[in-house]
Each structure stands twice: as C-alpha cells, then as structure tokens.
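Asks: Below are the structure tokens for one structure; questions will follow.
The values are calculated or read from the model by the stated rules, or taken from the named source; none is laboratory data. Everything quoted here is computed from the prediction, not taken from an experiment. Neighbour counts are summed over all protein chains in view; Cβ atoms, including those assigned to glycine, are modelled from backbone coordinates with ideal geometry. The protein model used for the area step is the full one, side chains on, heavy atoms only, and it has no ligands, DNA or RNA in it. Shrake-Rupley method; radii C 1.70, N 1.55, O 1.52, S 1.80 Å.
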Amino acid sequence: MTDQTPHANRVWTVLKFGGTSVAKPENWAVIAKLAKARLKQDKPGGKVLIVHSALSGVSNRLEALPDLALKGDVSPEIAAIKAVHLDFAESALLDGATLLAEPFEILDRLAAGIALVREASPRVRAELLALGEQMASRLGMERLRQEGLSPVFLDARDALKAASDSADPSGYLSNSVIDGADPELQAQLGHAELVLTQGFIARNSRDETVLLGRGGSDTSAAYFANKLEAKKLEIWTDVPGLFSADPRLTEGARLLQALSYDEAQEIATMGGKVLHPRCIGPARRANVPVEVRSTLRPDLAGTLITAKPGDDAPQLKAVSVKSGVRIVAMEGAGMWRQAGFLADVFACFKECGVSVDLVSTSETNVTVSLDPDPSLDQARLDALRARLERFCRVKIMDDGAAVSLVGYGVRRILHKLAPALEMFQDKPIRLVSQAANDLNFTVVVDASEGRALAARLHEELIAPAPAGPVFGPSWAELNETASSTPARPDPWWVTKREQLIEIAPQTGGRYVYDRDTIKARAAAVANIKSVNRAFYAMKANPHPEVLKTIFEAGLGFECVSPGELMRLKDTFPDLDPKKVLFTPNFAARHEYAAAIQLGTNLTIDGLHPLVEWPELFKGAEVILRINPDRPRGHHQHVQTAGPKAKFGIPLDQLDAAREAADKAGATVIGLHAHAGSGVVEAGHWREIGAILARAAEDFSDIRILNVGGGLGVPESAEAPALDLALVDAELAKLKQALPDYEIWMEPGRYPVAESGVLLSAVTQVKHAFGTRFIGLGTGMNSLIRPALYGARHEIVNLSRYDADGTGMASIVGPICESADLLGADRLMPDTTEGDVIAIAEAGAYGAVMSSRYNLREPADEVVI
Ligand code: ADP
Ligand code: ASP
Ligand code: MG
C-alpha cells in the first residue's frame, strides 16, 4: 500500500478498552489519564479515539436473555442487567435512571416482543446484544466529563458499514466491515480531539444493527484504526499483553513482548481469546502497530505487534487451546483416489453453510474440524451428514479441543514435540494438522484432555525459553512483583501469624478479629476532624467485643433492625440513645415506634411512614434519607424523575416528604445519603455533602448532613487505598462553606474489614484440567462475599508464608455449589493437607452473613 499516510503524518491513536476495563467507574480515571497522556504527548494536533466494550458480563447476559424469555419471566434478569449499570451510575454519582432511560426502554420492549411472539430472530438478538455497548457509552461519556475531558460521541454504527447484508445469523451476529482509509470519517472527526465510540456494533444497508461477533470490539477498534490511518492501536484489557498461553490457565505463561502480525493472528485464530480473530487484518492492512496492555497494570509495556517478528528464528511462541471443536471424519473406502472426491465432499459443506477449519487426509480418510459456530444447530448438521453420506461413511464427534503450537518454522522443530506427545499413548488424537503457512501445528483431542495437553506442551517446550526480545516474565512472576512492592506495612495477620496458626481450627473455619487493628481503624475514623459524629454501621460486624472496641474509640452505632438495637442493649445496658442512629429500610410500623420510644436518632427513607403513620412522629426529630441521583456539579436539587431504588427518597419526592413531616408535626433536622461502597476517591463525601446541602435549602430546621459510609478498604496490597486525611481535607472545604451544619458519617466496612481473617485448614488438593484446587474446611457457608458479590479477598498459606508461589490455584470450600469458590487464579506455594489458610479482609460482612447451608456449621469467632 504505497498511498498510505506516512507514520510521521498520522494523528490518531485508537485506544480500545474491554469489558473488565470499563466495568468500574474508577477504571475510567485510568482511561481518562491514558487519553490525556496521549493527547499531551502528541501535541499539537494529536487525536484519540476510544473504543469500548459493554460492562463485563453484560454481553453474556444479553446473549442468554432470548432463550430465557422463551422459557419464562425474565423481569428479574432484566432488572439485574439494569442494576449493573445503575450501580455503576450510583457509585459515580450519576443519574443512571435518566441517563439510561432510552436503552432501558429498548431492552424492555425487545424482551416483551420475544415473549409475545415466542421467537427471537437473529436481527432481534443483534439489537439486544448491541444494547450492552450502548448503555456503557452513556456511562463512559459522563465519566470522561467528570475527569475534565470533553469527548465527542460517535455512534459506531454511523461509521462502520457492514460488508454483508446477509439475513443469515452470521450477517447479524458476526459480520465484517470493509476497511480502507476513510477520508470522510477523518474529515467528520477533524474538529474533535477526543472521540468516544462503541466496539462490537455496525450497521447494514437496511439500517439494521449488526454485530462483529462475540469479542468483536477489538476488531471494531482495528477498523477505526484502519479508517483513520492511526499511528497506533492500543488494546487495553485485563492482562498485560499476549502470553505464550492463556495466563489464567497456565501458571508459567510467558509475556510475549514482540510479535509479528502473522504470529498474533495465529494466536488469536487458534483460541487466544485476548484478541478477536479478525482484528489483526485491518491493523496490518493500514500498517498500524498494535499494543496489548493491561488497564490494571498500566505501568507494564505489554506486547507490541508489528510487521516484524521480535525474533525470526524458528521458535515456538505460544500454545493455544480452542474448545467446542467438532470433528467430521469421512471414510472414503476406495473412493479417495477417484478424481473429484474432495470437491464433492467440500461442496456439501458449502451447501450447508458449514465452515471448515482444519483438514487432514490419509489413504482412506478425510477428517476436518469445524469452526466453533453457536448458530450451527442439529438440523443443519443432519443435513450435512445426509449429503456427505452420498459419498462416504460419516462420523461426527462433538466436544473436541484443538491444541495448537504457534510460531515461525514450526515444521523444523516437530521432533521436539515427541516427548510431550507421549502422554497420548492411550488417548486418541482425533486430528493432526500442520498449517501450510508453517505457523501452527495442531492436534484435536477430547475436550477433557485439551487443557492438560496444552499445559504439558507449554511446560516442556515454551516455559524454559530464556528471556530475550520476545519472551518476557511469566504471569506468575508478574504477579509476584506486583504483590512484592509493598504499598503498606505488613498486615497484622503477618506479624501475628504464629499465634494464628496456633488457634486455627482443625476442621471448619474460625474468624479471628484483631482488637488492635479495630482500635486503630476506628480511631482513624474518629479523627476525621471535619466529621462531627461517626456512627459505626454495625451490620458489618455486630460481635459484642468488636462493638465495645469501636465504642471505646468514640464512635456511635448505626442500626437497621430491632435485633441490632437489642444487641446494643445487651452489650451496653446504659448506652445513651443519642449515640444510636436507627436507619431501617422498609421496616414495619412498630419498629419506628420502638425507636422513638427508645429516643434514638431516626432516619426515614421513604414517604410511607410519614404519610401513613403521622401520629408516630408527632413532636419527633427525624432525618430523611435521600437518593443522590444527580451527577456531580449540577446545581438544581429538584428532579422530575428519580431512580426507582429501594433506598432513599427520590429528590423529586422531597417536597412531599417535607410537607408530610410538617403535617405530622415532626421536625426534619437532617438529610442523609449513602451513594455506594468501596469508594476510594477522597472527594466523594464532600460531593455527597454538597448535594445534601442543596437539598437542605428548602428546609428550615436542618442542622445535620449525614454523608453516609462506603469508605473503601483495599482488596490487596497493590490496590489503591483511601487516604482519610484527604477525605478530611475535602470535607473541611464543605464545612468552611457551610459552617452551620454538623457532618455525620456512618462507616461499616472500614473500621472492621482489615481486622478480621477467616482461618481454615486445607482438606484436599486436586489437580484437574490444568487447574490446582485447594480445598478448605469451610467455604461460602462462612464467607459468602466472593459468591455473592464477586468480592476479592487476599488468600495466603500461613503455614508456608515465606515459601515462593509455585503456581496458580483456585481456593474452594466443601459446599456442594460451584459458586463455592473463595478465590480463583491465586499464586500459591506448594500446599498440602493441614496447611492453615487465611482469607484476609474478612472482618466485615463475614460471620454475620454466614449460614448453615449444607448443614455445615459456619466459622466461629474469636477476638485476640
Ligand atoms: P476484554 O474484555 O478486555 O476484551 P477478554 O476477556 O476478551 O478481555 O480477553 C482477555 C483474556 O484473554 C484474558 O483475561 C486471558 O484470560 C485470555 N487469554 C486467552 N489466551 C490468552 C493469551 N495467549 N494471552 C493473553 N490472554 C489470553
Ligand atoms: N461486548 C462484546 C462481547 O462481550 C464485544 C467485546 O467485548 O469485545 O462479546
Ligand atoms: Mg475481548
């Protein structure tokens, strides 16, 4: 291509962010930072286009929705999909319900349509799946604005025209785009510095939405890079580059620092899901270098993919596994030598629209593997079989796994494979194929053997490669360096580990809480000078000793139920009721009556109590909990529509609440909001306070602004930690502007999470399909957070704390549920039965949420 814009004159950088990168509001701070850095570095004239995916997990849920809708009521599933986005919005202080009203409406309409006609056409499926990216865009645009950027929005469908108008499933679900430099698009975006657009979606000439295939956002980004003749395409994902094997399955997978387009293409085609198989082509055609990097570790350089290989000596560079591979074996019995036999059989594949991947032939047999294709149903397979049987005997085998060795000159190193293939003495290899481009050698085996074979081949042939221009550190080494850069001093459970090992239970589990840590964290909260009063949200951990320690540090208590009030009464018989804040949600009438009787502070979070039971509140002082459904920086506090959340009074009902309180003879003395948890941005509480203060302007007796809790606790040593001094400094600004208000706060997790560990001894270790499972004496019956919220807890082998990690492991409990997974893909040392494992940051929402599921007693509790 000689008429390409030379690199020196290229202005665009395309940044693609996948599902995990965009799923959390805080990750958008990284996205914004990266965009700003590119713009600054390319000044003047540099431009950035951001291509993003749906929030992680959303596309899978949307894909499954039609089949669920055909079976029954999908309203809970739809609510859950919406909740993923509303939660994002809420923790970013965005008005999710308004922002997402339009895609939510389309979602409802499509689902209702499917239920009504009892059918989901590929066109409807495409429209449905495309909503994932559309919902994410709206959130992304707002997050970039909050980060001080002014992005221009581009609907990807306006720029990417589908190459095919086919009405087949593939036309809607896995289309392509005709690329080539696009002066029109370049001119259209000429005025913009920063553009945000979606991956995955395009439009056909009937103006219908089509998709580029699952995982296709990479390919969208490559099309944009091609059309804009970008100087670089950066694919930001959850691993720091292309590895020699899927790093999540193979502990020794090596970072591939430099690859050619050919090699990267081969890794992507042969199952390395990190890149969509069609994304290399457009980049290569426009000569755009591709970088693969991690949003979680932006400091690492990742993989650079260009026309030149990092090293062109014959060398295996990766092992890929592709599952769901179907094999069609055709026994020709004599027909093989007849001219035209192959043409006849391949014509059958063409007629049935079945795409062939690998081919191998022998004297009497032709065996092919089929590209995994979710739309290939039994009817089409039967039709294929019937046609083929006119020429030969046919055997179709499902559920194969294709294991591929990728690298230049693979033929020249085949002899080295022999030892690794020995394990297949007793196990059938269904197909062997060696690619004509000499870039891959593939065997298809039983699905159940695929991972083990890949792991073995990787271990023998690739893992030992010396470091050089291509092979970088292993995944395990990268994780080790991450966790060995201490961002904080040793946690208490390291210094007290001898004691912990001593008191660890031989069976079941035991929560151990460290009083010193509780004291220190509670004192840190009590020391936030701008906060007049802090109430510990005791639902996080109501253990009496914990409550006593927190009380001694000077905190009050926030309760949500009569049970919690009772616990306080038992623990502190003489407790001043004004040290208690009662904030129930959807509680019955008598609970409010009891709290008023006791004389606690009282928060009301809906209109119903005030309107329906006014007599209860006569003469009472109340705090109203509102739902902070406004984006930051807005000045009006009254809204016409608020999110239909379970908690809080929507801002548009606040006038009614005020009137109802007046009518009941109650005085509203405070406003409260709690906008999310795990917040690490220090300015968050100041912003909540500002929203409350604006809302307070319409009330005459307000003196308290309760800015809620949600103070973030780092999930690991590298995770960002909240700086309470900064929180204080931010809140001080609020106090300075509004000196007449008292500021209240109600942290739950913060004072206790780090103080607790869950201890349990290893019961069994199992190796299966390349994964090491470490079994513990307790699981989700004691700690349900990983299963319930996908929470990440640090997990360590206390008995071998000083031993090096030797490989990844999944840590599981004894409960008969596949969700009984306490942590996946953790670097662990060699671990044996009886070792004591500690699960950290388990002091909050641990024991209190435990159950007797499977009739296994949950962990007991000890304070040291
Ligand atoms: P995104 O949502 O960012 O597009 P994907 O989940 O599609 O991310 O791709 C990233 C995942 O690809 C990684 O988490 C990893 O498990 C998987 N993967 C598979 N093979 C490889 C490989 N060879 N190198 C790196 N990652 C791989
Ligand atoms: N969201 C789409 C999917 O999950 C596209 C992508 O993430 O690349 O398939
Ligand atoms: Mg992907």
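Asks: List the lysines whose Cα sits under 27 Å from the Cα of K663, skipping any in the same chain fewer than 8 residues away.
Replies: Straight-distance partners of K663: K578, K618, K644, K646.
Asks: Over region 133-210, give the accessible area per residue in Å² for a 1.4 Å probe, as an integer.
Replies: 40 Å²
Asks: A follow-up question, please. Which order, highest average first, do 87-97, 163-173, 750-760, 441-451 follow once you tally other Cβ atoms within 10 Å for each residue and take the mean per peptide?
Replies: Going from most to least packed, we get 750-760, 87-97, 441-451, 163-173.
Asks: Taking all pairs of distinct Cα atoms, average 1/r, flip it, and tell me the Kirkwood hydrodynamic radius of region 707-864 in Å to one decimal place.
Replies: Computed over Cα pairs of region 707-864, the Kirkwood hydrodynamic radius comes out at 17.4 Å.
Asks: Which value, in debye to the nearest 20, describes the size of the charge dipole of the chain about its Cα centre when Lys and Arg Cβ atoms bear +1, Asp and Glu Cβ atoms bear -1, and nothing else is charged?
Replies: 1000 debye
Asks: For region 226-353, what relative contact order do you get, as a whole percent, if you take Cα pairs closer than 8 Å and at least 6 residues apart?
Replies: 31 percent
Asks: How far, in nm, would the chain grow between R118 and E351 when pulled straight, counting 0.36 nm per residue and subtracting the alpha carbon separation?
Replies: 81.0 nm
Asks: Could I ask something else about it? With every atom except the alpha carbons ignored, what do you get for Rg and Dmax of the chain, in angstroms?
Replies: Answer for the chain, Rg first and Dmax second: 30.0, 100 Å.
Asks: Tally Lys and Arg at +1 and Asp and Glu at -1 over the other residues with C-beta under 15 Å from the C-beta of A504: what net charge comes out?
Replies: Values: positive: K496, R497, R510, R800; negative: E498, E502, D514, E833, D835, D860, E861.
Local charge sum for A504: -3.
Asks: Report, for the chain, the % of DSSP beta bridges that are antiparallel, rounded to 5.
Replies: The antiparallel proportion sits near 50 percent.
Asks: May I pose another question? Enter the Cα centre distance for the pair region 525-553 and region 154-168, rounded to the nearest angstrom.
Replies: If you average the Cα positions of each part, the centres end up 56 Å apart.
Asks: How would you classify region 45-196 from its alpha-carbon gyration tensor, with a ≥ b ≥ c the square roots of the eigenvalues: rounded for a/c under 1.5, else prolate if a/b is greater than b/c, otherwise oblate?
Replies: The shape class here is oblate.
Asks: Provide R285, R533, R772 ordered by accessible surface of protein heavy atoms (probe 1.4 Å), highest first.
Replies: R285, R533, R772
Asks: Placing +1 on the Cβ of each Lys and Arg and -1 on the Cβ of each Asp and Glu in the chain, which of G678, L759, I413 has its Cα farthest towards the positive end of the resulting dipole?
Replies: Among G678, L759, I413, the one farthest towards the positive end of the dipole of the chain is I413.
Asks: Moving on. Would you please give the FRET efficiency between T763 and D438, computed as 1/(1 + (r/R0)^6) with r the Cβ-Cβ distance and R0 = 41 Å, to the nearest 0.05?
Replies: Result of the calculation: an efficiency of 0.25.
Asks: Let me check something: with ligands and nucleic acids excluded, how do K232, K548 order by accessible area (1.4 Å probe), largest to smallest? Don't skip to the answer; put the middle values down first.
Replies: On the way: K232 55, K548 75 Å².
Most to least solvent-accessible, the answer reads K548, K232.
Asks: Now a separate question. Please state the shape class of region 509-567: rounded when a/c is under 1.5, otherwise prolate if a/b exceeds b/c and oblate if not, all from the C-alpha gyration tensor.
Replies: oblate
Asks: Also, I was wondering about something else. Based on alpha-carbon atoms only, what is the radius of gyration of region 293-336 relative to the globular estimate 2.2 N^0.38 Å? All intermediate terms of the calculation are to be shown ahead of the outcome.
Replies: Working: Rg = 20.3 Å, N = 44, 2.2 N^0.38 = 9.3 Å.
That works out to 2.19 for region 293-336.
Asks: Moving to a separate point now. Working with all protein chains in place, sort L624, L342 by solvent-accessible area computed with a 1.4 Å probe, largest first.
Replies: Sorted by accessible area, descending: L342, L624.
Asks: Now for a different question. Summarise the accessible area of the chain (1.4 Å probe, protein heavy atoms) by the percent that is carbon and sulfur. It would help to have the intermediate numbers written out before the result.
Replies: Working: 18630 of 36170 Å².
Carbon and sulfur atoms account for 52 percent of the accessible area of the chain.
Asks: Keeping all protein chains in the complex and leaving out DNA, RNA and ligands, what accessible area do you get for Y408 with a 1.4 Å probe, in Å² to the nearest 10?
Replies: 50 Å²
Asks: Using Cα atoms only, what is the angle between the long axis of helix 447-461 and the major principal axis of the chain, expressed in degrees (0 to 90) to the nearest 10?
Replies: Relative to the chain, helix 447-461 is tipped by roughly 80 degrees.
Asks: Using only Cα atoms and rounding to the nearest 10 degrees, what angle (0 to 90) does helix 724-737 make with the longest principal axis of the chain?
Replies: With rounding to tens, the tilt is 60 degrees.
Asks: While we're here: Using 0.36 nm times the number of residues separating F773 and E26, minus their current alpha carbon distance, what extension gain do you get?
Replies: The span from F773 to E26 would gain 265.8 nm if fully extended.
Asks: Treat each spin label as a single point 7 Å out from the Cα along the C-beta direction, and report the E612 to D662 distance in nm.
Replies: Going from the E612 label point to the D662 one covers 2.4 nm.
Asks: Which order do the peptides 105-117, 200-212, 295-307, 834-846 take when ranked by the mean count of other beta-carbon atoms within 10 Å per residue, highest first?
Replies: Details: 105-117: 15.8, 200-212: 20.9, 295-307: 18.4, 834-846: 24.5.
Peptide ranking by packing, descending: 834-846, 200-212, 295-307, 105-117.
Asks: Okay, next question. Per DSSP H run of n ≥ 4, the term is -39500 (n - 2.57); total these for the chain, divide by its residue number, and report the mean residue ellipticity at 222 nm rounded to 500 deg cm²/dmol. Before the final figure, lay out the partial values.
Replies: Numbers: 30 runs with 292 residues, N = 864.
The helix contribution divided over the chain gives -10000 deg cm²/dmol.
Asks: Still on this model: For the pair A181 and A593, how long in nm is the line joining their label points, each one 7 Å along Cα→Cβ?
Replies: 8.1 nm
Asks: Please give the peptides 517-523, 460-466 ranked by average Cβ packing (other Cβ atoms within 10 Å per residue), highest first, as a rough proxy for protection.
Replies: The most tightly packed comes first, giving 517-523, 460-466.
Asks: I need the shape label for region 409-512. Rule: rounded when a/c is under 1.5, else prolate if a/b > b/c, else oblate, with a, b, c from the alpha carbon gyration tensor.
Replies: Oblate is the answer for region 409-512, as a/c is 1.5 or above yet b/c matches or exceeds a/b.
Asks: Hey, rough spin-label estimate for R852 and D825, points 7 angstrom out along Cα→Cβ, what's it come to in nanometres?
Replies: Calculated label separation equals 3.8 nm.
Asks: Can you tell me the orientation of helix 101-117 relative to the chain, as the angle in degrees between its alpha-carbon axis and the longest Cα principal axis, to the nearest 10?
Replies: It is inclined by approximately 60 degrees.
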